[in-house]
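Visitor: The structure under discussion is supplied below as structure tokens; questions concerning it will follow.
Computed from the coordinates by the stated procedures, all read-outs in this text should not be read as laboratory data. These numbers come from a predicted model, not from an experiment. Backbone-built Cβ (ideal geometry, glycine too); neighbour counts: all protein chains shown.
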Amino acid sequence: MLLPSAVARSTGSPLLVEVITLAINRSGTQLKIFGKIVDMPEESKRNEDIGGYRDRPWIPRFWDGMTFRAWMRILAEHRFRIAPSRIGMAVLIMLIGILNSILGAIQLLAYGRKIRDTVLKEDPIFILGHWRSGTTLLHEMFIVDKRHGFTDSYACFAPNHFLISRHVLAPLVGLLMPKKRPIDNMPFGWERPQEDEFALCNMGLPSPYLSLIFPNEPRHYERFLYMEGLTADELENWKKGVLHFLKCVTIQQKKRIVLKSPPHTARIRVLLDMFPNAKFVHIYRNPYSLFPSTMNLWRRLSRDEALQIPNYQGLENHIFETFERMYTRFETDRGLIPPGNFAEVSYENLVADPVGEMERIYRELGLGDFDAIRQEMRQFVRERSGYKRNRFDLEPELKHEIGRRWRFFFERYGYPVEGSPPADKSLSAVSEDTPSGLPTADGAGDAGQIQAFTTARTDIPPRRHPLRRPWTTTERSPLSS
């Protein structure tokens with residue numbers, strides 16, 4: 001297969017446009033360049049134990065929707081510390097950024113006045129929760145209700161021009177897109193819901209996600225996760241950017257928008273200032289499942305989306321600290337939400353009785369007649385049955401550290417802390433679905449419909465992974481996220 005564009009992605013040389021052939025053999029992926037076989041880095045070979053797509057040079061990156069100016073500003077802020085093998089990626093995104101800038105200017109000319117005059121139908125519904133806590137599942141369940149709008153993947157990929165480019169560029173770029181997400185087996189598509197945080201990144205607004213581009217550098221954008229220490233101009237620009245994007249979405253979908261972005265968990269105060277009548281739904285999950293899944297998330301995204309070869313130094317502690325700060329801020333500000341505008345659900349309860357829990361959330365938030373969507377919700381559950389999830393092992397020392405550092409969360413949300421530092425070195429299996437100590441769904445009716453992907457396998461004993469990490473992957477267990 002001839003892939004001249006693959007050179008820019010894989011070799012880092014935008015000038016090297018000679019033919020490059022991608023060869024797949026049993027041992028993994030190799031590149032054949034001028035007759036010489038070069039192995040790709042070990043981590044770019046697929047681990048069959050983990051869900052997600054196999055990375056390919058032609059797959060678009062998160063940042064391909066940025067304008068030229070936004071992209072160059074990020075590179076300059078990090079003093080262009082780009083790994084030689086990623087120079088091609090940086091140049092290609094820069095060239096695409098020129099196109100994005102042109103299309104963005106055309107959209108403003110065509111829709112500028114309409115965007116300014118657009119009023120949101122209602123204040124949004126925000127889904128809150130840490131990464132890998134089930135926010136995607138909850139988001140997809142909300143948009144089963146056709147009364148709700150949402151930010152889809154194309155709008156978040158091309159926020160600067162999706163109003164004018166969707167019908168032309170989306171089908172073309174879609175030919176290069178994978179069919180599932182990079183971190184699990186959840187399907188991907190332009191029409192599927194997506195985190196609005198990616199739209200903010202591509203609009204040039206500061207976001208903690210931008211640290212993925214330079215993962216070995218000090219994190220420049222953490223202030224915008226907690227919305228602390230911002231100048232008045234920075235805060236105002238961020239608010240204007242969010243509102244501008246939501247107005248564009250409203251032009252296409254004249255409905256109440258449901259937004260899902262884990263960083264919003266620490267932004268309640270600012271979001272309430274913008275949207276006083278917003279609704280908030282918080283989903284939480286057993287930390288023993290949350291930690292290794294989050295580790296897998298950041299490792300994979302840093303590997304695929306970065307302009308550096310990530311060394312993952314300090315990643316474990318970063319996950320611990322981010323969780324602690326996020327939930328300190330969340331617990332401080334949740335009391336600001338007016339009565340009737342807040343609901344929460346555990347991931348375990350949601351997958352055990354999805355229809356019942358959604359009906360409760362609708363009732364607590366006053367979202368209208370749930371009976372109108374009951375059958376659609378049941379159909380959604382049936383379609384997700386049999387979905388396979390990742391499963392991880394935790395070293396005893398790491399499991400103890402999770403219980404020690406996040407004890408406040410275990411106690412606040414009623415999860416059992418499992419034991420003290422073990423004397424042996426055996427691994428303990430942790431599934432992303434039903435954590436130990438919690439029952440699986442085994443009933444009939446609405447709860448039983450989801451049993452097929454909530455019951456963890458127990459017939460496969462844990463095994464050690466050849467890589468020496470504090471958490472390892474063992475198998476995929478059946479569950480939806």
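Visitor: Which pairs in the list K146/K279; K114/K279; K239/K260 are over 23 Å apart, alpha-carbon to alpha-carbon?
Guide: K114/K279
Visitor: Residue by residue through the range 240-252, which ³J(HN,Hα) values in whole Hz follow from phi under the Karplus form 6.51 cos²θ - 1.76 cosθ + 1.60 (θ = phi - 60°), with glycine and proline marked x?
Guide: Karplus values, whole Hz, x for Gly and Pro: 4, x, 4, 5, 4, 4, 5, 5, 4, 5, 5, 4, 7.
Visitor: Let me ask something else about it. Can you work out the Karplus-derived ³J(HN,Hα) for every residue in the range 135-148? Use 6.51 cos²θ - 1.76 cosθ + 1.60 with θ = phi - 60°, whole Hz, and x for glycine or proline.
Guide: 5, 5, 4, 5, 4, 5, 5, 5, 7, 4, 6, 5, 6, 9
Visitor: If I model a spin label as a point 7 Å beyond the Cα along the Cα-Cβ vector, how far apart are those points for I309 and L243 in nm?
Guide: Going from the I309 label point to the L243 one covers 4.7 nm.
Visitor: Out of every Cα pair in the range 211-311, what percent are spaced more than 17 Å from each other?
Guide: 66 percent
Visitor: Using 0.36 nm per residue, how much length does the chain from K121 to R363 gain when fully extended, once their Cα-Cα distance is taken away?
Guide: 85.1 nm
Visitor: So for E321, E140, fewest C-beta neighbours within 10 Å to most, what's the order?
Guide: E321, E140
Visitor: Could you work out the relative contact order of the range 291-423, using alpha carbon pairs under 8 angstrom and six or more residues apart, expressed as a whole percent?
Guide: 21 percent
Visitor: If each residue's Cβ is checked for other Cβ atoms within 10 Å, how do M274, M177 rank with the fewest at the top?
Guide: M274, M177
Visitor: Now for a different question. Please rank T231, T332, fewest neighbouring Cβ atoms within 10 Å first, as an exposure proxy.
Guide: Lowest count first: T231, T332.
Visitor: Next up: Could you tell me the calculated FRET efficiency between E77 and N349, based on Cβ-Cβ distance and R0 = 41 angstrom, to the nearest 0.05?
Guide: 0.45
Visitor: I've got another one for you. Where the centre of each part is set by its Cα atoms, how far does the range 228-288 sit from the range 72-106, in angstrom?
Guide: Taking the Cα centre of each part, the range 228-288 and the range 72-106 sit 27 Å apart.
Visitor: Given 0.36 nm per residue, what is the gain on full extension from R374 to K254 after removing their alpha carbon distance, in nm?
Guide: 40.9 nm
Visitor: Given the range 51-384 reduced to its alpha-carbon atoms as identical point scatterers, what log10 I(q)/I(0) does the Debye formula return at q = 0.07, 0.12, 0.14 Å⁻¹?
Guide: After summing over all Cα pairs, the log10 values are -0.27, -0.87, -1.24.
Visitor: State the extension gain, in nm to one decimal, for the chain segment bounded by I98 and A232, taking 0.36 nm per residue of separation less the distance between their alpha-carbons.
Guide: 45.2 nm
Visitor: Give a residue-ordered list of calculated ³J(HN,Hα) values for the range 157-173 (Karplus: 6.51 cos²θ - 1.76 cosθ + 1.60, θ = phi - 60°; whole Hz; x for Gly, Pro).
Guide: My calculation for the range 157-173 gives 6, 10, x, 7, 8, 5, 5, 10, 9, 4, 6, 9, 6, 4, x, 5, 5 Hz in order.
Visitor: Under 10 Å from the Cβ of P193, count the other residues' Cβ atoms, weight Lys and Arg +1, Asp and Glu -1, and hand me the total.
Guide: -3
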